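Visitor: Can you keep this structure in mind? I'll have questions shortly.
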Amino acid sequence: MTVSLTDVREARERIGRVERMRETPVRQSATLGETVGADVWLKLEHFQKTGSFKPRGAYNCICQIAERGEADRVVAASAGNHAQGVAFAATECGLDSLVFMPETAPQAKIDATRGYGATVELRGTRSRTRWRRPRSAPTSPEPRSSTPTTTRT
C-alpha cells in the first residue's frame with residue numbers, strides 16, 4: 001500500500017475533527033542527543049488520549065469505514081494500547097467495538113478499554129488463541145457488511 005501526501009493530509013483533517021484527540025507536542029532532548037551524537041526530538045505521546053499514538057491511526061481507519069457505512073462494529077485483538085485506540089475510535093464514530101484481550105492482560109488495560117466503550121472478551125494468552133471462538137460461545141450478530149471489519153495488531 002502506498003501512502004501519498006494527499007492521504008496524510010486527509011488523515012490529519014479527519015483526525016482534527018475529534019475534539020477529544022490531542023495534538024501532542026514534539027520536544028528536543030539535549031541529553032539523548034549528546035548520548036547518541038545526534039539531534040534527537042521526542043513526540044510526547046503520553047499526553048494523547050489513551051497514552052499512545054494508537055487512537056489516531058485507529059480513528060483514521062475506523063472513521064472511513066463508518067463514513068462509507070461498511071460496518072456497525074469493529075473487532076480487534078490486542079493486549080493494551082491498540083485495544084484502547086480501537087475502542088476510543090469506534091465510540092467516536094458511533095460504532096460498537098469488540099476487543100479480544102489475553103487473559104493475562106493487565107486489569108488497568110482491560111478497564112481502560114471497557115471505559116472507552118468496547119465490549120472486552122478475555123481469551124487465551126496469545127494472539128492466535130484470542131481469535132478462536134469457543135465451541136460453546138454463541139455467535140455474535142452479523143455486521144451489515146458481508147465481510148466483517150477487523151482491525152488487528
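The values are calculated or read from the model by the stated rules, or taken from the named source; none is laboratory data. Computed from a predicted model, the values in this text were never measured in an experiment. Positions of Cβ are generated from backbone atoms using ideal geometry, with glycine treated the same way; all protein chains shown enter the neighbour counts.
Visitor: Residues that are at pLDDT 95 or above, touching a Cys at 6+ places or on another chain (Cβ under 8 Å) and among the hydrophobic types (A, V, I, L, M, F, W, C): does segment 106-115 have at least one?
Guide: Taking every residue of segment 106-115 in turn, none turns out to be at pLDDT 95 or above, touching a Cys at 6+ places or on another chain (Cβ under 8 Å) and among the hydrophobic types (A, V, I, L, M, F, W, C).
Visitor: Across segment 84-116, which residue is nearest to Met21 (Cα to Cα) among those that are in contact (Cβ under 8 Å) with a residue 40 or more places away in the chain and not aromatic (Phe, Trp, Tyr)?
Guide: So the residue we want is Glu92.
Visitor: Read through the list (1) in a helix (DSSP H, G or I); (2) under 23 Å from Ala112 (Cβ atoms), then give the number of the only condition that Leu32 fails.
Guide: Against the list (1) in a helix (DSSP H, G or I); (2) under 23 Å from Ala112 (Cβ atoms), Leu32 comes up short only on (2).
Visitor: A further question follows. Any residue in segment 103-110 that is touching a Phe, Trp or Tyr at 6+ places or on another chain (Cβ under 9 Å), surrounded by 13 or more Cβ atoms within 10 Å (Cβ to Cβ) and not in a helix (DSSP H, G or I)?
Guide: no
Visitor: Name the residue that is surrounded by the most Cβ atoms within 10 Å (Cβ to Cβ), counting only residues in segment 60-99 that are of a type in the set (Asp, Glu) and over 25 Å from His46 (Cα atoms).
Guide: Only one residue fits best here, namely Asp96.
Table: residues versus (1) in a helix (DSSP H, G or I); (2) under 30 Å from Arg123 (Cα atoms).
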| site | (1), (2) |
| --- | --- |
| Met1 | no, no |
| Glu10 | yes, no |
| Asp39 | no, no |
| Leu42 | no, no |
| Cys61 | yes, yes |
| Gln64 | yes, yes |
| Glu70 | no, yes |
| Ala76 | no, yes |
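Visitor: Cβ-Cβ distance below 8 Å, separation of 6 or more or different chains: which pairs start in segment 13-41 with a residue that is modelled with pLDDT of 95 or more and end on one that is of a type in the set (Val, Ile, Thr) and surrounded by fewer than 10 Cβ atoms within 10 Å (Cβ to Cβ)?
Guide: Note: pairs meeting the criteria are Trp41/Val26.
Visitor: Still on this structure: Name, by its number, the condition in (1) surrounded by 19 or more Cβ atoms within 10 Å (Cβ to Cβ); (2) at positive phi that does not hold for Gly51.
Guide: Every listed condition holds for Gly51 apart from (1).
Visitor: Which numbered condition in (1) within 24 Å of Asp7 (Cβ to Cβ); (2) free of Cβ contacts under 8 Å to residues at least 24 places away in the same chain is the only one that Glu121 fails?
Guide: The one condition Glu121 does not meet is (1).
Visitor: Go through (1) surrounded by 13 or more Cβ atoms within 10 Å (Cβ to Cβ); (2) farther than 26 Å from Cys93 by Cβ; (3) not aliphatic (A, V, I, L, M) and name the single condition Trp41 misses.
Guide: Result: Trp41 passes all but (1).
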